[in-house]
Structure formats: structure tokens, C-alpha cells
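Working notes, beginning with the structure itself.
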Amino acid sequence: MSQLFLAVLNMSLTASYVILFVILVRLLLRKAPKVIPYALWGVVAFRLIIPFSFESMFSLMPRNANAVPIPNDIIYQQGLQINSRIELIDTFVNRSLPALTAGESVNPFQIYTEMSTYIWILGIMVLLAYSLVSIFILKRQLKSAQLIENGIFEAVNLKTPFVLGIIKPKIYLPIGLNVEERRYILLHEQTHIHRKDHIIKLLAFLILSIHWFNPLVWIAFMLMSTDMELSCDEQVLKKVNADIKKLYANSLLSLATGRHLLNGSPLAFGKGNVKGRIKNVLNYKRPRFWVIALSAIIATAAGIGLLANPYSPNPDLITGYIVIEDNLLYLDEVEIITMGDKERIEELELKDTDMPNGYHIYNADVEKQTFELTNKTTYTFVDYNLLFVKEEDGDRIYTTTKKEDFIQHLNTSYSDSPPAQKVPFFLEVKDGKVISITEKFEFTI
């Protein structure tokens with residue numbers, strides 16, 4: 001369960017950047033039809049529930065966005081660090097993280113992660129329970145509602161109209177609406193049903209429940225709900241095709257005053273922004289074609305850019321000493337200098353005695369980097385002890401994706417000392433994950 005929490009946390013951190021970007025684009029599209037910024041929140045939803053995406057050179061995501069900010073195996077790491085891809089934040093947070101002390105048998109971050117996981121699950125349960133109880137109470141109070149048309153009910157002491165139900169949604173209206181008010185409000189709620197907004201709102205609330213710990217997700221939910229209502233108002237004004245802005249605004253105003261709220265539900269968020277809706281209705285003008293076209297182009301470009309991860313064509317090639325613990329690989333990067341590297345030999349003032357086997361392994365600083373091993377990582381090594389190949393095969397080079405075979409090779413071929421201090425390995429690394437590990441015979445001497 002801790003792994004699931006870390007996966008959700010990583011998606012939430014990535015989506016936070018997308019939310020901030022969408023808010024910025026939303027400000028740029030103030031004059032655009034509200035349905036355009038409303039559609040952009042779908043990109044945020046994608047980033048909050050899908051842990052992967054396609055790559056594109058047109059991505060608007062930060063560099064290295066493919067890499068997870070917090071490794072899923074961080075609870076096993078010896079040195080804790082995150083990679084949010086924002087250098088200032090990484091530096092501050094990583095310096096604040098506790099360091100393991102000698103004799104500690106448990107990584108303190110493992111304890112913090114497990115505690116956070118239980119709190120996260122508790123938060124989800126509280127939000128879902130609150131929503132279910134609210135809907136249950138609301139349904140009980142709506143038992144006295146009167147059916148006036150097919151799927152349309154009136155209820156006393158109801159402050160605002162709303163849609164209730166998923167498969168067969170019903171519209172509930174306050175009692176006392178005049179003919180014009182009822183007409184416009186019904187158009188509004190029927191537009192919600194036609195666009196499946198009641199289902200979208202439910203899915204958005206479920207996503208919010210999963211990411212309840214992220215304040216930016218709450219802000220995104222509120223703004224999405226506002227854009228939903230504003231775009232629905234504009235659709236009504238467009239359908240009626242008449243100057244009813246004042247009448248429609250008066251209907252919204254009358255619903256906001258003089259009535260007591262029967263009962264609320266978390267799914268009703270956004271309905272209370274009456275002032276913003278009235279202002280938008282009164283200022284509404286049919287946008288010109290070029291405004292719609294330009295807004296659609298901006299939103300489409302932003303949407304594709306935020307959906308895509310940065311394109312990374314080639315993996316990084318790194319050489320160094322390695323230590324493997326569980327699914328993590330710790331690498332101390334080195335430089336191999338051969339007899340042909342005349343400039344480096346002169347620069348480092350190397351002598352023949354420094355290169356008895358025709359090369360010198362230069363390790364200026366012992367600085368470990370952490371990478372993740374996957375079930376697709378390939379291991380290529382010289383099978384000296386014929387553990388996996390036969391002598392008659394001739395070539396003792398063995399390639400596998402089984403990590404246990406590679407570990408067995410390390411433990412048998414280099415049992416006299418840790419392999420990280422004996423033999424350099426050549427790694428292909430992409431997005432923080434090891435693609436391949438190769439041992440070259442000439443550097444095993």
C-alpha cells in the first residue's frame with residue numbers, strides 16, 4: 001500500500017505543475033468561451049490518474065519529467081532525496097531530510113511513509129463517507145419533493161436547483177419560480193445532463209478524494225466547477241438566441257437570496273459562485289470567430305504540451321562502481337583512461353606504473369548516484385565460473401534480464417571484495433531507470 005501512496009504522491013507532484021500552468025492559461029483565455037478552459041481541466045485529471053504518458057519534443061513539462069520526483073523504492077534507500085525537477089526545492093528539501101545513523105536498522109523514511117499511507121487512506125474514507133452521508137440525508141429530505149414533469153421535481157426550502165442521479169438523473173427545482181425563471185433554470189440543468197456534467201463532477205470528486213492532501217487539487221476542483229457553471233450559462237444564452245441576460249441574471253440572484261439551504265453535498269461545489277456567474281452573464285457577448293479560433297489553438301497547444309513528457313531520444317551512458325540493494329542501484333561514477341587518451345594522461349600526470357593493464361580508473365570523488373532497476377533491465381557479463389553458459393559455447397558472455405543471475409555472478413566472481421571497489425560497469429540510464437548494465441572483459445583484470 002505504501003508503494004501505491006508513493007505512486008499517487010508522484011502523480012500529484014507532477015499534476016501540480018500542470019494545475020499552475022492551466023491556471024495561467026485560464027487567465028489568458030478570459031475573453032474565450034468558458035467551455036475552452038473547462039476542457040483544459042481534463043489534462044489535469046489525466047495527470048492525476050495516469051502515471052505515464054507519451055513523449056514529444058513539444059512537451060511543456062519540465063526537463064526530466066519522465067523521472068519520478070520520489071523514487072518508489074525510497075523506503076529502502078540509504079540516502080534519502082527527492083527530485084521534483086525544481087533545483088531550489090530539491091536542495092532545500094533534501095538538506096532537511098533525516099540522515100541514517102550508524103546502527104539504524106530501519107530507514108526512518110519507511111516509518112514516515114507507512115504513517116502517511118494510513119493517514120492518506122483515512123482521509124479518503126472520511127471524504128467518501130461525508131459525501132455518502134450528505135447524499136443520503138439529501139435524498140431523505142427530498143422525499144416530499146413533488147413531481148411536476150418527467151424527471152423534474154420541486155422541493156420546499158431548496159436554495160439552488162441541482163441534478164441528482166447518474167444513470168437516470170433527476171432535476172430538483174426550488175418552489176416559487178416564475179415561468180421565465182423556471183424556463184432558464186431548466187435549460188441550464190438540462191444542459192448539464194446533456195453534457196454529462198453530473199458524471200464529470202462525480203469523477204472529479206473521486207480524483208479529489210484520492211489527492212485530498214494536495215491543496216492545488218482542491219483549487220483545481222473549485223475552478224473546474226466554476227468553469228463548468230459559467231460554460232453552462234453561456235450555452236443557455238446561446239441556445240435561447242435572445243437578449244435575456246438581465247432576466248437570466250435576475251433568476252440567479254433570486255435563487256441566491258430568500259431561501260434556506262436544504263442540505264449540501266460536496267458534489268454541489270461551485271454552485272455558490274453566484275456573483276461571478278451573474279457578472280459573466282451580464283457581460284456575455286457572442287465571441288468573434290477569430291477569438292474562438294485563437295483560444296482553441298492556444299488551449300489545444302497547451303493541452304498537448306502538458307499531456308506529453310519531454311522527448312529524451314538517447315539514454316545516458318555512465319561508467320562506475322556499483323552496489324545493488326533490492327531494486328536500487330548505487331553508482332560511484334568513474335572515468336576510464338586508456339593509453340590513447342594522451343591529453344588526459346598529461347593532465348593527470350599519469351605514469352606507466354599507473355596503467356599496468358593499459359588503462360587507469362580515475363575516481364576523483366566518491367559520490368553515489370541512485371537509479372532504479374526494473375524487470376526490463378538487461379545484464380551482460382563475463383560468466384567466468386560457467387554458471388549460466390557451457391564451456392563448449394566458447395564465448396562466456398552472458399546476457400539476461402534476471403537480476404538474481406547478475407547478483408549470483410557478483411557474489412561468486414568477486415567474493416573476495418565488494419564489486420563496487422573492484423570492477424567498473426557500463427550503464428545505460430534513462431529517466432532514472434537502468435536500461436542495461438554491461439561488464440567488459442578488458443576492465444575486469
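The values are calculated or read from the model by the stated rules, or taken from the named source; none is laboratory data. Computed from a prediction, not measured in an experiment: that's the story for all the values here. A quick note on method: Cβ atoms are made from the backbone with ideal geometry, for glycine too, and the neighbour counts reach across all protein chains shown.
So the values come out like this:
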quantity: First in region 383-412 and assigned by TED's automatic domain parsing to the domain that holds Ile324 and among the hydrophobic types (A, V, I, L, M, F, W, C), second anywhere and exposed (fewer than 11 other Cβ atoms within 10 Å of the Cβ) and in a loop (DSSP other than H, G, I, E, B), Cβ under 8 Å, 6 or more apart; calculated: Val389/Asp395
quantity: Any hit, region 51-63, residues being at pLDDT 80 or above, of a type in the set (D, E, K, R) and more than 30 Å from Val291 (Cβ to Cβ); calculated: yes
quantity: Any hit, region 165-180, residues being of a type outside the set (Gly, Ala, Ser), at pLDDT below 85 and surrounded by 14 or more Cβ atoms within 10 Å (Cβ to Cβ); calculated: yes
quantity: Pair list, Cβ < 8 Å and 6+ apart or interchain, from region 283-312 residues that are of a type in the set (D, E, K, R) to residues that are in a helix (DSSP H, G or I); calculated: Arg286/Lys238
quantity: Neighbours by Cβ (under 9 Å, 6+ apart or cross-chain): first from region 151-174, among the hydroxyl-bearing types (Ser, Thr, Tyr); second in a strand (DSSP E or B); calculated: Thr160/Pro174; Tyr172/Ile152; Tyr172/Phe153; Tyr172/Glu154; Tyr172/Ala155; Tyr172/Phe162; Tyr172/Val163; Tyr172/Leu164
quantity: Residue that is modelled with pLDDT under 90, in the same structural domain as Ser251 (by TED's automatic domain parsing) and out of contact with any His (no Cβ under 7 Å at 6 or more places or on another chain), where the choices are Lys196, Lys143; calculated: Lys143
quantity: Residue selected from region 382-406 under the condition of a type in the set (A, V, I, L, M, F, W, C) and at pLDDT below 90, by the criterion surrounded by the most Cβ atoms within 10 Å (Cβ to Cβ); calculated: Val382
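Results for (1) within 39 Å of the chain's Cα centre (by Cα); (2) modelled with pLDDT under 90, shown as yes or no for each residue.
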position	(1), (2)
Asp326	yes, yes
Leu329	yes, no
Ile337	no, yes
Lys342	no, yes
Asp354	no, yes
Ile361	no, yes
